[in-house]
Amino acid sequence: MVVEAGTQQERVAGRVWTVRLDPHGRPSAGSVRLSCSRAVCADQRFPGGAGAGRRAAVEHINLHLARIHAGGGPRGEAWCACRAADCVWHTPAPVAGPRGGARPLPGAVRCGGPVVLTVYADRAGRLWRIAEMCARCAAATPDCRVLDTAPAGSGQAAAKSAAAEREPADGMNTDGVAAVFSDHGPSPAAGASASAAGTLSSAAGTLSSAAGTLSSAAGTSSSAAATPASVPRARAASPAGTSRAKKPWGKIAQRIVPYDLEPDVLRVELIELGDAFRAYQQRAEPDLVLLAELHERKARAFRLWADVSGDSSLHHEAQRAEAAVQTTLEMHANRGGRPVGDTADGDRPVVERLLTRHQAEHARAVLDHAAAHAPHPDAEARLAVFMLTLRAARAGTANVTGQDLTGWLQDDAERVLQRLLAADWLRLPSTVAEVMASRPEDPAAITVPALLPEQPRPFDFGKTTRARISGWAQKVVGDRKIRKRKAGAATRLLALYTAAHSRPDGHLGRLEDGGLHLDRVAAFCTLTPEEVAEHAELLVAADWLTETDTARGGLRGQLTERVLPLSGLL
C-alpha cells in the first residue's frame, strides 16, 4: 500500500497472479489440478482432462481481471513486477550475480514507460499470469498482451491503492516463474491498449489457442479521462551484440533452438524440422510415411544435439522419436493392410488387420488378467469377466445391455450375472432382471470395483486401444459361423485364445514353438487337454481353423483366410 511521507509516496511492488494447470494423480487417469498463487484461491481438480481445466483457468483469470478493474485497474505508483523477478520473463540467459543468485545479462534490463496490466498465456496452455509491469518489459515479453495502462498522473494513486485491497498483495508469487517463449508477434498498438471503452476480452483475444478466449467479464477500463503514455512495440530480448536477423530463430518439441548452436547445420536442421512438424499439423489428410520420416530425422538431430550440449533430456527425446517411428509405421501398415505372409510381395493378398501388434499385446494381457481374476473357474464366468473387463478397463464403469449379455452367454447370461454379483466382482445399479431387460437406448451402468481409478491399475492402454480391443473381442465372440454352430463359452474362449496367439500368416503360436502349449490352452478354456481337441474340431467345422493337431502336447493349426484380420500378429 502507499505510505504518505511528506510530499512523496513510497512505491509498492507490482502485483502478480499466477494460475497453473498440472497433472494430478496417475497419468492414465487424465486428471488435472488448477492452482492459483493467490493464497485465498483454493486448488481445483478436474477429472475431465486438460480441456476442462483450461476452460476453468480462463474463467478464473477473467474473475481476477474483473476484480482488478473494479479496484481501479493498474496502479501508476507500482514497481515493475517483471523487474522484481530479475526480468526472467523475457531475459533468455541470466548469469550468476555477485552473491550467487541469478542476475540478468548486462544491458538486458530495460525497464521504463508507464505501468500496464498484462496477461500472459504460454503456448502449451499450462500457465497464465496477470502482472503489473512496465511497458518496456511487457513489450519484450512474447505471448504477453497489454490490457490496460495506468493513468499518466499520480493524483489517484492513494485511491487506487485503497481500492486494490480487494485483491491483496499476498497473492503475489514471482518465485520460480521463468517461462520460455517462442512467439515474437507484435503487441497491441498504443492506441488500442489505451482505449478507455474497449473490453478486456478484445485486448486479450489474440492469446494463444491453448489459453482459450478471454470473456468480456473483466469489464471496460475506467480511466477514460486519462491519456496513457504510448507503449512500445513487442520485441524479443537478444543477448548483447547478437543480431537475430543474421541467424534464424526456431522452436521444436517445446524447446528453443539456441541461436549459437554449433554445428550450424544442426541448428538449421532443427529449425527446419520444427517448421516441418508445424506444417504437417496443418495438413488436411495424414501422411504416416511422411510423419515417420520426420520422427526419424528428429531422432538423429536430437541425438547429435544431446552429444554437443551434454543435455541428457535430449537423449530421452531422441528415444521417444525412435519409438514414434516404429509406432507410426505400424499404424500405416495397419491402416493400409499387410500381405498375408507379412511381406511386401505384390502377389500376396492384402489383409486389413483389426489390431496392431501393440494392441494385440494388450489384448493378450487382458486375457491373462481375466483368467487370473475370474471369481469362478467355469468357462461362462471367465468369458463374462473378459468381456466386461474390456468394457470397464479405463474407468471401472461401463454400459451394457441385455442384448450384449445374451450374445456372449446365450441362456446362461442371467445365471452368470447373478454369480458375479454374489461374489462382489460386479455391482449393478438395479436388479439382474432389469439389466437383462435394458435396451441400447437405455443401457445399464455396471461397475467393476477392482478396476476403479483408486485401485491399482492393471492396464496402461488408452481409450482408443481399449475400444479397438473390445471391438476385436466382440467380432471373435459374435462370429457368425460360430453362432450358427451354437458353440458354448468354452469354444468361444478357444476362438479368442487362438486368434490372440496367431502369427500374421495365421499359424498358431510363435515360429520357434511350432504351436500352442496344450496345457496352457486347456487351463485358459477351463477344459482338459483331451477336450481341447474336441472343441478345436468345432472351430474347424465353423471355418475358424483350417486344421488342428494336438499330438506331442501342443495345439497346432492355422486360422482360415476369412478370420486372418483378427490375427494377434505374434
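Taking the alpha carbon gyration tensor of region 251-336, multiplying each eigenvalue by 5 and rooting it gives semi-axes of 25, 15, 9 Å, largest first. Karplus-derived 3J(HN,Hα) values for region 389-406, using 6.51 cos²θ - 1.76 cosθ + 1.60 with θ = phi - 60°, are 4, 5, 5, 9, 4, 8, 10, x, 10, 7, 9, 9, 10, x, 5, 4, 5, 5 Hz; glycine and proline are entered as x. With a Förster radius of 35 Å applied to the C-beta separation of GLN455 and VAL268, the computed FRET efficiency comes to 0.10. Its alpha carbons give region 357-566 an Rg and a Dmax of 16.8, 51 Å. Between ARG15 and GLU132, the built amide H atoms are under 5 Å apart, and every one of these is 5 or more places off in sequence or on another chain. Applying the Karplus relation 6.51 cos²θ - 1.76 cosθ + 1.60 with θ = phi - 60° to region 444-456 yields 3J(HN,Hα) values of 8, 8, 9, 10, 10, x, 5, 10, 5, x, 6, 8, x Hz, where x marks Gly and Pro. Across region 565-570, computed HN-Hα scalar couplings (Karplus, 6.51 cos²θ - 1.76 cosθ + 1.60, θ = phi - 60°) run x, 8, 4, x, 6, 4 Hz from first to last residue, x flagging Gly and Pro.
For the pair THR397 and ARG552, a Förster radius of 51 Å applied to the C-beta separation gives a FRET efficiency near 0.65, rounded to the nearest 0.05. Distant-in-sequence amide contacts of VAL351, defined by a placed amide H-H separation under 5 Å and a gap of 5 or more residues or a different chain, comprise ARG338, VAL340. Given region 378-475, report the % of alpha carbon pairs whose separation exceeds 23 Å. Value for region 378-475 (Cα pairs over 23 Å): 19 percent. Computed on region 22-75, the Cα convex hull volume stands at 77 Å³ per residue.
All of the numbers you see were taken from the coordinates with simple rules; none came from a lab. Small disclaimer: the values here were computed from a predicted structure and weren't measured. Glycine gets a Cβ as well: all are built from the backbone with ideal geometry, and neighbour counts include every protein chain shown.
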